[in-house]
Amino acid sequence: MKFYFPDSQDLVSPTYDFVNDEYSPYRVRQRDDVYAHQAVTPIPYDGILVSKAVVDGSMKGAGKYSTPQRERLYRLGVRNFFRLPKTCSTIGDCGAFNYIDEERPPYEVDEVIDFYGRCGFDAGISIDHIIFGYIPQESDTEPEPAWLERQQISLELAENFLAATKKNDARFEPVGAAQGWGPDSYAHSVAQLQKMGYRRIALGGMVPLKSHEILACLRAIDEVRNHDTELHLLGINRVDSMEQFARHGVTSFDSTSVFRQAFMDDRNNYHTATSAYTAIRVPQVDGNPALKRLILSGSVSQAEAITAERACLRALREFDREETSLEDVLTALQAYESLVLGPKKKSYLELYERTLSDAPWRACPCALCEKHGIEIAIFRGSERNKRRGFHNLTVLEAKMRSLTFG
Ligand SMILES: [Zn+2]
């Protein structure tokens, strides 16, 4: 089972100064900053997935890449651009979530093939159009006409894509994208893609599905699946169901979820093998929009906020060195939290108490926890938050390794 990490240009600066919250004056971002696969060992994924929409931008706005970055990717190729070791493989896709609101995908087959080829991907997924609806097997609900059309568009583009890879002698492995709204429609797409000649098929649009719904689709696909067809689950990370998925031909998946939970989830920010903890929020006074507004409106004094922020950081570091008590840290956190959140919002203090008393970073073998200690559990700025995300990837990697497939 292979896990691909979708790229969103998430890097950290190895020389970041956590005490003063400053970058080194000598830092050259593109030269010095590192990806997750350079920051931790073992490498927490088998490969990366890069979306054309993330590189090029889309209707929804600019991509994650600056113009010079994009040019470097094209010039160096995906492997050198990401400084990927040989063990990591690469897969390209179009990033269908970025054009979900359009009537048709905004890309032509030739430009997508050009993107995959110029970047030197190992594999490339055909252009697809996400269907956002699910009808369970036993239901007599009819699919919407738009869903049928999106499935048809995806299949036609897949056919043209495969023909064009052959015509152009493309060096990447073509992967057909299957879309559906339920077990039978996914099975239909897979059957059609196999008939075209695809041996590797990516199942799209399953992100909102529950695991038992994904399984129902996989069971229906089993009825038509050739024994050598391999399935990829786009955007899915369900570690608990992966062994089951593998029995239905799934050989790879990709997901950003454990990474993003580090800074997007309300509470499950720091993962361990058996649990998840809430990271301790110590926002930067000058980097937090909500706090900035309170200061500008005069309801919070800037000097008071800065004093409270510094007191939190000092107390947390002293706590990690066992120089101060849990109670003192919580008092400092409470003082700052009441400024930031105001009286109406729900306090995180109880959750912090659990995080601090268990201090899970002390037991974590990953290089980042070992190096940064409690800093990794502090919810503050992208250098700490992304490191926590990288840590979560190492936990996922270990969980995946403990599963048995086959
Ligand atoms: Zn760690």
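The values are calculated or read from the model by the stated rules, or taken from the named source; none is laboratory data. Keep in mind the model is a prediction, meaning the values are calculated, not measured. Backbone-built Cβ (ideal geometry, glycine too); neighbour counts: all protein chains shown. Heavy atoms of the whole protein, side chains included, go into the accessibility calculation; ligands, DNA and RNA do not. Shrake-Rupley method; radii C 1.70, N 1.55, O 1.52, S 1.80 Å.
Need the failing condition index for Arg384 against (1) without any contact (Cβ under 8 Å) to a residue 60 or more places away in the chain; (2) closer than 15 Å to Leu313 by Cβ, just the number.
Unmet for Arg384, out of (1) without any contact (Cβ under 8 Å) to a residue 60 or more places away in the chain; (2) closer than 15 Å to Leu313 by Cβ: (1).
Can you tell me which residue among Ala276, Ala335 is over 29 Å from Phe390 (Cβ atoms) and hydrophobic (A, V, I, L, M, F, W, C)?
Ala335
Quick grid of which residues meet (1) over 28 Å from the mean Cα position of the chain (by Cα); (2) within 16 Å of the ligand (Cβ to nearest atom); (3) crowded, with 18+ Cβ neighbours inside 10 Å; (4) modelled with pLDDT under 95:
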site: Ser297; (1), (2), (3), (4): yes, no, no, yes
site: Leu313; (1), (2), (3), (4): yes, no, yes, no
site: Asp320; (1), (2), (3), (4): yes, yes, yes, no
site: Leu333; (1), (2), (3), (4): yes, no, yes, no
site: Lys345; (1), (2), (3), (4): yes, no, no, yes
site: Glu370; (1), (2), (3), (4): no, yes, no, no
site: Ala377; (1), (2), (3), (4): no, yes, yes, no
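Pick out, from the stretch 163-253, the strands (runs of 3 or more DSSP E) lying fully within it that include 2 or more residues that are closer than 23 Å to Leu403 by Cα and within 24 Å of the chain's Cα centre (by Cα).
Of the strands (runs of 3 or more DSSP E) lying wholly inside the stretch 163-253, those with at least 2 residues that are closer than 23 Å to Leu403 by Cα and within 24 Å of the chain's Cα centre (by Cα) span 200-203, 230-233.
Farther than 27 Å from Cys88 by Cα and in contact with a Ser or Thr (Cβ under 8 Å, 6 or more places away or on another chain): does that describe Leu162?
no
Output yes when any residue across the stretch 136-146 is surrounded by fewer than 21 Cβ atoms within 10 Å (Cβ to Cβ) and in contact (Cβ under 8 Å) with a residue 60 or more places away in the chain, and no when none is.
yes
Condition first: of a type outside the set (A, V, I, L, M) and more than 14 Å from the ligand (Cβ to nearest atom). Can you find one or more residues in the stretch 382-390 that meet it?
Yes, the stretch 382-390 contains at least one residue that is of a type outside the set (A, V, I, L, M) and more than 14 Å from the ligand (Cβ to nearest atom).
Kindly evaluate Thr324 against the criterion of being β-branched (Val, Ile, Thr), open to solvent by 50 Å² or more (accessible area, probe 1.4 Å) and either away from the ligand (no atom under 16 Å from the Cβ) or at pLDDT 95 or above (or both).
No.
Just a yes or no: is a residue in the stretch 255-263 open to solvent by 60 Å² or more (accessible area, probe 1.4 Å), part of a loop (DSSP other than H, G, I, E, B), under 22 Å from Ser8 (Cα atoms) and not hydroxyl-bearing (Ser, Thr, Tyr)?
Among the residues of the stretch 255-263, not one is open to solvent by 60 Å² or more (accessible area, probe 1.4 Å), part of a loop (DSSP other than H, G, I, E, B), under 22 Å from Ser8 (Cα atoms) and not hydroxyl-bearing (Ser, Thr, Tyr), which makes the answer no.
Residues that are of a type in the set (S, T, N, Q): which helices (runs of 4 or more DSSP H) entirely in the stretch 320-406 hold 2 or more of them? If you could, list the steps in order and put the result at the bottom.
Details: elements: 326-341, 349-358, 367-372, 381-402.
The qualifying helices (runs of 4 or more DSSP H) are 326-341, 349-358, 381-402.
Would you call Ile100 free of Cβ contacts under 8 Å to residues at least 40 places away in the same chain, open to solvent by less than 60 Å² (accessible area, probe 1.4 Å) and of a type in the set (A, V, I, L, M)?
Yes: the conditions hold for Ile100.
Taking into account only those residues within the stretch 279-295 that are surrounded by 21 or more Cβ atoms within 10 Å (Cβ to Cβ) and of a type in the set (Val, Ile, Thr), which is nearest to the chain's Cα centre (by Cα)?
For the stretch 279-295, the residue satisfying everything is Ile280.
Could you name every one of the strands (runs of 3 or more DSSP E) located completely within the stretch 39-140 that has at least 3 residues being of a type in the set (A, V, I, L, M), modelled with pLDDT of 95 or more and in contact with a strand residue (DSSP E or B) (Cβ under 6 Å, 6 or more places away or on another chain)? Outline the logic, then answer.
Values: elements: 47-51, 89-93, 123-125.
Result: 47-51.
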